[in-house]
Amino acid sequence: MDDKYKFIDFLGLRFNVANDLSVLVSAVLVFILVFALSRKVTMRPGKAQNVLEWMIDFTNGIVKSAMPDGSGKQFNLYAFVLFLFIFVSNQLGLFFQVKVGGFTYVKSPTSNPLITMGLATVSLLLSHYYAVKKFGFGGYLSNYARPVKFLLPINLLEEFTNFLTLSLRLYGNIFAGEVLLALIGTVAKSLGAVTFVAAMPLAMVWQGFSVFIGAIQAYVFTTLSMVYISRKMEQE
Amino acid sequence: MAGLLVLGANQVALGDMLFILVSFIVLALLVKHFAWGPVTKMMDARSEKITGDLDYADQERSRAEKLAKEREDALKSSRAEAVEIVSKAKESGETQKKSIVSDAHSEAEEVRQRAKSDAAKAKEDAMSDAQNDIASLSLEIASKVISKELNADDQKSLIDSYIKELTVHEAK
């Protein structure tokens, strides 16, 4: 789209203010949510604690379906934070967009490929780290030539495709959702009251669908992260 | 936007990746400290407590079952004991009755025997008294009849022989 962004150059790196602010807002929202739900932790859970435990059980279930032997317990926290962060990020742009003077400041951070690539990097780095930790560096390298030697180039290629599909799937879905919302918005503004009324139900339907997509994509991203980690941690 | 995808392009804000890395890690640490830690600890404690409670309930139930069985056994044995006591009492009553009856029998027999012997002795005494009386009486009569002092001893032997003859006659 024709959004304009403010950039800040700092220490030789370029920061997109819109992305960073959105990430920050999402992170703060996740933290506030989780913090508010965990104030009274008791043996007999109250409503808030029940909600939090339900979310924890949900993400634990994702980890367990990828690593059924209980070795995935150390990733429970990661899956929980990842899922909540991506979910909140996906929904953020649907109801909360800040534009000042033509510059976008807050939107869905996951509608930017660099952010999703950052998240995918975290997941894949974790998978490599734990593979090296488990098999040693030699074992980790030899895993690329399994189950048969001639699969080595394919396995190497797979690392890059994993990274790209994981990050770009999320980016594509959320970005497309925002693009369509913006399109509906321009339709609403194009011919005054008539199009405004006509575009209203469209926008509502698409927003509802985007909430659904955001939830599904958060689930998919978390599940695939866990699958990649579990595949790195077993020898074929 | 397409320019953002080309790595190495001048406009790419690579700092964003660093930013999200750092903010994600900080978020994870904060979540761990404020929510994840306490809640998962409580969840573990709860599941442990539930397992413990279930174990305890199993244990208690088996104990209760054992106790009930013991009670039942005790009741059964006490019933048998009661039956035994009653039958024993009956038996001892029976033997006591028998012994009392036989004692009475023997006592009665003894009494009868004694009475018999007493009667025989009394008869004998009476007989000997009568013998003596008759002897002296007949002596007196004879002396009066004959008016002659007969020798008492001769007279007595005469009477004795007479009495003996009499008793033999009577015994027949």
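The values are calculated or read from the model by the stated rules, or taken from the named source; none is laboratory data. These figures come from a predicted structure and were not determined experimentally. Note that each Cβ is placed from the backbone with ideal geometry, even for glycine, and that neighbours are counted across all protein chains shown. Side chains are part of the model used for accessible areas, which takes the heavy atoms of the whole protein and leaves out ligands, DNA and RNA. Shrake-Rupley method; radii C 1.70, N 1.55, O 1.52, S 1.80 Å.
Quick rundown of the values:
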| item | result |
| --- | --- |
| Alpha carbon Rg of the stretch A:1-68, scaled by the compact-globule rule 2.2 N^0.38 Å | 1.70 |
| Probe 1.4 Å - accessible area at residue A:211, Å² to nearest ten | 70 Å² |
| Descending principal axes extents, the stretch A:90-173, alpha-carbon based, whole Å | 56, 24, 19 |
| With every protein chain in place, the stretch A:7-232: carbon and sulfur % of accessible area (1.4 Å) | 75 percent |
| Reach of residue B:121 by Cα under 24 Å, taken over lysines that are not fewer than 8 positions away in the same chain | B:156, B:164, B:172 |
| Euclidean distance between Cα centres, the stretch A:18-52 to the stretch A:110-171, Å | 30 Å |
| Shielding by partners, peptide B:36-49 (average Cβ within 10 angstrom, other chains) | 4 |
| Highest-fluctuation residue, A:163, A:85, A:15 considered, GNM on chain A with Cα pairs under 10 Å | A:15 |
| Mean accessible surface per residue for chain B, computed with a 1.4 Å probe while every protein chain stays in place, in Å² | 80 Å² |
| Cα-based Lys proximity count in the stretch A:7-232, under 13 Å, for pairs eight or more positions apart or on separate chains | 4 |
| Signed unit charges on C-beta, dipole axis of the stretch B:42-126, positive-most listed residue B:77, B:126, B:108 | B:126 |
| Global geometry of the protein assembly as shown, whether rounded, prolate or oblate, following the gyration tensor of its Cα atoms and the 1.5 cut on a/c | prolate |
| Size of charge dipole - the stretch A:133-236 - debye, nearest 20, with Cβ of Lys, Arg +1 and Asp, Glu -1, no other charges | 240 debye |
| Solvent-accessible area buried by pairing B with A, both sides, nearest 100 square angstrom, 1.4 angstrom probe | 3700 Å² |
| Peptide A:71-81 - average C-beta neighbours from other chains (10 Å radius) | 3 |
| Bins of 10 Å from zero: percent of alpha-carbon pairs in chain B | 7, 10, 8, 7, 7, 6, 6, 6, 5, 5, 5, 4, 4, 4, 4, 3, 3, 3, 2, 1, 0 |
| Peptide A:108-118, shielding by other chains (average Cβ, 10 Å cutoff) | 5 |
| Where the stretch A:76-120 is the region considered: accessible area per residue in Å², 1.4 Å probe | 24 Å² |
| Reachable aspartates and glutamates, given that their alpha-carbon falls under 20 Å from the alpha-carbon of residue B:32 and they are not under 8 places away in the same chain | A:53, A:57, B:44 |
| Surface/4 estimate of mean projected area, convex hull on alpha-carbon atoms of the stretch A:7-232, nm² | 17.1 nm² |
